[in-house]
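Inspection log for the structure reproduced underneath, given as structure tokens.
Every number here is computed from the coordinates shown, using simple stated rules; none is lab data. These figures come from a predicted structure and were not determined experimentally. Don't worry about glycine lacking a Cβ; one is built from the backbone with ideal geometry, like all the others, and counts go over all protein chains shown.
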Amino acid sequence: MSLLSIDIGSSRCKAVAFAITGEILSQHACAYTPEFPAPSHAEINPERFWQAVCQSSRTVSKNLSDPVQALCLSSHGETFVPVNECNEAIAPAILNQDNRATEEAVWLDKTFGRKRLFEITGLVAHPMYPVAKFLWLRKHRPDIFASSVRFLTVIGYVLSRLRLPPYVDFSLASRYLAFDIRQRRWSDEILAATEIRPECLPIPVPAGTIAGKLDGSVASQLGLSPGTMVVLGGHDQPCGALGVGAFDSGRVADSMGTYECLLAASDQPSLTDAALAAALNSYCHVVPDKFVTLAYFPSGIMIKWFHDLLYGEDGESVLAQKVDSSDPESIHYARLEREVPSGPTGLCITPNLIGTCNPDFNPHARGIISGLGPNTSRSQIYKGILEGLACEMSQMADILAKAAGEFRDVYVTGGGSRSALGLKLRAALSGRKLHVMKCPESVCLGGAILAGVASKEYGSFREAVELVVREASTISPDHATAAAYLQQVKQYRQVRTSVTAITGDESSIGQQEER
């Protein structure tokens, strides 16, 4: 038997089938493009989510010799779908990157106070959260608001298409900015003040809840057998943390993607003054009675920008050099990594192409490249970017440690973990040991673990993690490298601090970017 995990992102849906022992049997991804109908608006037809789920599932399942026993759904956070009494979409899904509700976020911050809102939800007010957008809809699109019987998550909408109850797990409910993370229910205080009826929100249940089984008609659309169990997953970051075994207090995951997210698991939410000052997110894990606290920053977006600048988005070099490979980007990166100079570059490069994240969340900030000279080469700039990312990761690790407790080990996954030089620099500059995970699809692996525990293939989360989560390698901090970078790290932090001052000292509201 196999376990199928489907993760629905904001720009693509990925399906991965796993053996019970954790090996990847088959995988497929489908992309879709958001729409931007007005400034600060980001929407998508939810039918695209559904079609991507069906196509990905069918493609994966046809390559399997072991039938799928259980399907688990995970997704990105904050995006919601307005639906009628039949759970049919009556308007486009409003995406998490949509920032139309800035005024409403300010109102929430003033009404509750930054600290009180953080105490309840583990979040600070921001227009990406659904509650702020509910208020925007009531004011600016009263027709949609009045016609909406519920506001479902992406998973809830897909569950409704599967003819199953549109539940929300605690981790995704936490992303509404209306969930009491300690009581694990919708906050009466927030709903009363906003005049949002609790019936408009999906029923919160633990991740790993069995939503039901597929009937014949929907099973055929997914390429699965009737009776296949459907298990409720959760927010992608906690699912990814489970996929690297981060559910015990003190274990920290690092997901290195377009954004790099450091996540600490704990037995209690981190609602300290330090966490609030850094605008950290602390909310429910997908593992029962556990919590996560995370800090994040732009990462892979900077590497991709530099690659496309050199080689173009189609992978062709500006020097007309062609690469004969199905994955030209990996060839380009490998070439750049071979050519980098030894020792610090002396460059100071910040990765904030579209703003900063923790602790200041300034959307007006932009990347800085300092120290260029007439002989600066592309390989030096490439290494300078890796140095900047390592400096940023080190700073995020210190912020997270101050708020959630010190840690010495970090469990890494994602595209950034393919750079040996990037890993070495992160380990050295953060002073922490990196554990590189064998499975690159940690979010889907976390979903498979949830499916396996629900279907009784695993006796517990701990048993599952011990069986399927494996390390590929470890990188210990190199003290000589760290010593060589002392001055450059100091310079980076000075420049990083000045970014907000240069671009204007903004409040956190309206400044967070999609993770």
Given H placed on each backbone N at 1.01 Å, which residues far from Val68 in sequence or on other chains put an amide H within less than 5 Å of it?
-> Ser2, Ser225
Under a Cβ-Cβ cut-off of 13 Å, what is the net charge of the residues other than Ala38 that fall near it, where Lys and Arg count +1 and Asp and Glu count -1?
-> -1
Compare the peptides 50-57, 471-478, 187-194 by average per-residue count of other Cβ atoms within 10 angstrom and give them in order, highest first.
-> 50-57, 187-194, 471-478
Gly227: net charge of surrounding residues, Cβ under 15 Å, Lys/Arg +1, Asp/Glu -1, itself excluded?
-> +1
Applying the Karplus parametrisation 6.51 cos²θ - 1.76 cosθ + 1.60 with θ = phi - 60° to the phi angles of the stretch 46-55, what ³J(HN,Hα) value in whole Hz is obtained for each residue in order, glycine and proline being reported as x?
-> x, 4, 5, 4, 4, 5, 5, 4, 5, 5
Assigning unit charges at the beta carbon (Lys, Arg +1; Asp, Glu -1) and nothing else, what dipole magnitude in debye, to the nearest 20, does the stretch 2-235 show about its Cα centre?
-> 140
Quick note on Val154, Val410, Val218, ordering by fewest other C-beta atoms within 10 Å, gives Val218, Val410, Val154
Share antiparallel - DSSP beta bridges, the chain, percent rounded to 5 | 70
Starting at the first residue of the stretch 180-188, write each ³J(HN,Hα) from the Karplus equation 6.51 cos²θ - 1.76 cosθ + 1.60 with θ = phi - 60°, in whole Hz, x for Gly and Pro.
-> 7, 6, 8, 7, 6, 7, 4, 6, 4
Sparse-neighbourhood loop hits (GluC sites (Glu not before Pro), the stretch 72-178; DSSP loop; Cβ within 10 Å at most 14 others) -> Glu85, Glu88
So how strong a dipole does the chain carry about its Cα centre when Lys and Arg Cβ are +1 and Asp and Glu Cβ are -1, to the nearest 20 debye?
-> 340
Cβ-Cβ FRET estimate between Glu103 and Ile369, R0 fixed at 45 Å, reported to 0.05 | 0.80
Go through the stretch 90-105 residue by residue and turn each phi into a ³J(HN,Hα) via Karplus (6.51, -1.76, 1.60, θ = phi - 60°); whole Hz please, and just put x for glycine and proline.
-> 10, 6, x, 5, 9, 7, 5, 7, 6, 10, 5, 9, 4, 4, 5, 5
Leading residue at positive end of dipole, the chain (Cβ point charges), from Ala29, Ser460, Ala207 = Ser460
For Leu310 paired with Ser225, estimate the spin-label separation in nm (one decimal), with each label point 7 Å from Cα along the Cα-to-Cβ line.
-> 4.9
With Cα atoms, 0 to 90° folded angle of helix 486-503 axis to the chain main axis = 60
Towards the positive end of the charge dipole of the chain, with charges on Cβ (+1 Lys, Arg; -1 Asp, Glu), say which of Cys444, Thr228, Val68 has the farthest Cα.
-> Cys444
Cα-centre dipole for the stretch 169-217 with unit charges at Cβ (Lys and Arg positive, Asp and Glu negative), debye to 20 | 180
Here the net charge surrounding Leu347, from other residues whose Cβ is less than 10 Å away from its Cβ (Lys, Arg +1; Asp, Glu -1), is 0
Can you list residues whose amide H is under 5 Å from Leu353's amide H, if they're 5+ apart or on another chain and H is modeled 1.01 Å from N?
-> Gly367
May I ask you to list the lysines whose Cα is less than 29 Å away from that of Lys490, ignoring any residue fewer than eight positions away on the same chain?
-> Lys304, Lys383, Lys402, Lys424, Lys433
